[in-house]
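Just so it is clear, none of the values below were taken in a lab; they were calculated from the coordinates. In this text the structure is predicted, and so the values were computed from the model without any measurement. Cβ coordinates were reconstructed from backbone atoms using ideal geometry, including for glycine residues, and neighbour counts include every protein chain displayed.
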Amino acid sequence: MPCAESLLELADRWLQVGPCLVELAVRPELPREHYRLVIEPSGTLLEASEREGFLHGLQTLRQLCWSGEMLAPMQIDDGPRFRWRGLMLDSARHFQSPGRIRWILEMMSALKMNVLHWHLTDDQAWRLEIERYPRLVEVASKRPYGEPDASGFYTREDARSIVEAARVLGIRIVPEIEMPAHSTAAMGAYPELTCTGEPAPPTGTGLSTFTASTGKRIYCAGNERSFEFIFGVLDEVMEIFDSPVIHIGGDERPEGIWSACPKCRAVMAREGLASESALQHWFMNRVSEYVRSKGRRSMAWTPTVEHGILRGQIVQDWFFGVAPAAVAAGAEVVNSHDRFTYFDYPNFPGRQKPGWMPDLPLEMAYAFDPGEESGRVLGSECCLWTEMIEDEDISAALFPRMMAFSEAMWSPAGRELEDFQRRLGSLGPFFSQLGVEFAKPYGIRALPGRRAMTNIAPEGPFVPDAAVDGKFTTYFWSADPPVAGSTFDLVLDAPVEVCGTRLMTGSDWQPNDVLHGGLLQVSNDGENFETVGEIRGAVTEASFPRRSLLVIRAKLVADNPTRLAIRDFRPLAEDSHRGQRR
């Protein structure tokens, strides 16, 4: 019996019916992850060939207990359509505490998902402790301005504990270390790995470190120290994570950096490489073969297959449509087509978002079919990138879409959306009990006790109250460049004792739309204003003797040369700073 004691402990915890009255029986003939559940008046029998099958059967039994359907005798023979049913979680842009990661694992197990693809590094931050390179967490795990969920890292012990928690739940954690691009944070800690060696501290506001033309930093392909660093990092990653698959990134390399580098051009000449794309294939092959030499297998986002597919590598496709060509070439594929699986895309119309981003309703997640050509499509991952998703937004971003996705990956083709929606309604209270908050139609409201007032016209959903709602992922954005004399007021419902204020202009998606010149003013009656500071650029903080205030105002003293984004406008007191978590 595979780990019978731990399975019975889980059964007692999940079923909450006292001593567990479920008989477990090993049936070697059942396929992996399949189970047979027989419920009779005399008792309940659960059969499977290995531990994961028993886990899935217990989760089904758990939901039957909740719904009351367990009262009826029945037999369920069940198993997954796809063997790779994953969630890609981005912990680089916003940090999730170890407790939050464990909660996500519990929710995945309840939905019979079996892979957590953990995105631990990117341009914005590096989240995993590497003993050989301490500056990765000393420097690159931190972001500025006290943004919530922005700074933090996982110790080696944190990561090992999370890996063990996942193992108990039948989930494999596939770690991802990005390269050669999406690596600005690492370059901030070790700039000698770039083509120029110039410092690139990761102190931009969110995505500006990547989207700004001067902010991109990637590993130098012609610098042997890049590979020494990468191999050293991967050695420690493979000590911590027991997954047979290691994800090595590979996406969205900015063009032109390697061509301007003499060291990279020398490698291209030596290896007979005619393009930067060919150089990337050489770069990734070298790293993939190192992973292979350690008895593991690499996985990568694959923007092109024009130079072939690396030996044994799993191809992950999200946008480029390379899955069919990869399958035809004999590769195994995880298909994460963004229009069906990217859960940072809004559930409903009306959320603030960049112009290129589509909505992704529940129906799209349920309709996804990654394909099954020759069994080489392993399955799929839904993906939660967190540029615009703070920790408090995670549940609404995932649910109920992850329920729809998990059923699409588990159940045979020919599913009916109406039947799913009926069952979703009956299981809603079950998941609410587990701490799930389902997505609701969007609406932006200021924090209680405050509101925004302005004579500057907003752009679409980028309304004034978004600047005073306490969130860094929503903001006010003007329809046009505001003119001299324009004002933006933070209005309190009643006078509040304040000792300072913070104004952040610009945003992740409009980093240059800052206030270029203005005055910071305060008033205790809403009519008479006193200037307490000047405003220029992305961040203005003003401190002053504690006083009772009703209005804090930003007033333009000249026409602004750009449109204006206001990300955060708040009064400050000793207890008003949102804490950071490690």
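Neighbour counting of Cβ atoms within 10 Å sorts the residues VAL322, VAL496, fewest neighbours leading, into VAL496, VAL322. Summary value for region 4-78: 32 percent relative contact order, contacts being C-alpha pairs under 8 angstrom separated by 6+ residues. Using C-alpha pairs under 8 Å with a sequence gap of at least 6, the mean separation divided by the residue count of region 87-433 gives a relative contact order of 15 percent. Taking the charge dipole of the chain about its Cα centre, with +1 at Lys and Arg Cβ atoms and -1 at Asp and Glu Cβ atoms, the residue from TRP258, ALA323, SER6 reaching farthest to the positive side is TRP258. By the count of neighbouring beta-carbon atoms within 10 Å, fewest first, TYR342, TYR190 end up ordered TYR190, TYR342. Taking a straight Cα-Cα cut-off under 17 Å and skipping sequence neighbours fewer than 8 places away in the same chain, the aspartates and glutamates within cross-link reach of LYS263 are GLU192, GLU198, GLU224, GLU228, GLU255, GLU271, GLU276. Per residue, the Cα convex hull of region 450-572 amounts to 86 Å³.
Here, region 471-521 yields an orientationally averaged convex hull projection of 4.8 nm² when only Cα atoms define the hull.
The value given for the chain is a Kirkwood hydrodynamic radius of 25.9 Å, derived from the mean inverse Cα-Cα separation.
For the cross-link pairs LYS353/LYS440; LYS216/LYS294; LYS353/LYS471; LYS142/LYS216, the ones whose C-alpha atoms lie over 20 Å apart are LYS216/LYS294.
Can you list which of the DSSP-assigned H helices in the chain have a Cα extent of 30 Å or more along the long axis and an average Kyte-Doolittle score of at least 1.0? Length and hydropathy pass: none found.
Ranked for footprinting exposure by Cβ neighbours inside 10 Å, fewest first, ARG32, ARG127 give ARG32, ARG127. Zone of PHE319 (label point 7 Å along Cα→Cβ, backbone N under 18 Å): which residues in region 384-426? Under 18 Å, as judged by backbone N against the label point of PHE319, lie 384-389 of region 384-426.
Taking only the Cα atoms of region 4-78, the ratio Rg/Rh comes out at 0.93, with Rh defined as the Kirkwood radius. From the convex hull of the Cα coordinates of region 87-433, what is the mean projected area in square nanometres? Mean projected area of the Cα convex hull: 17.3 nm².
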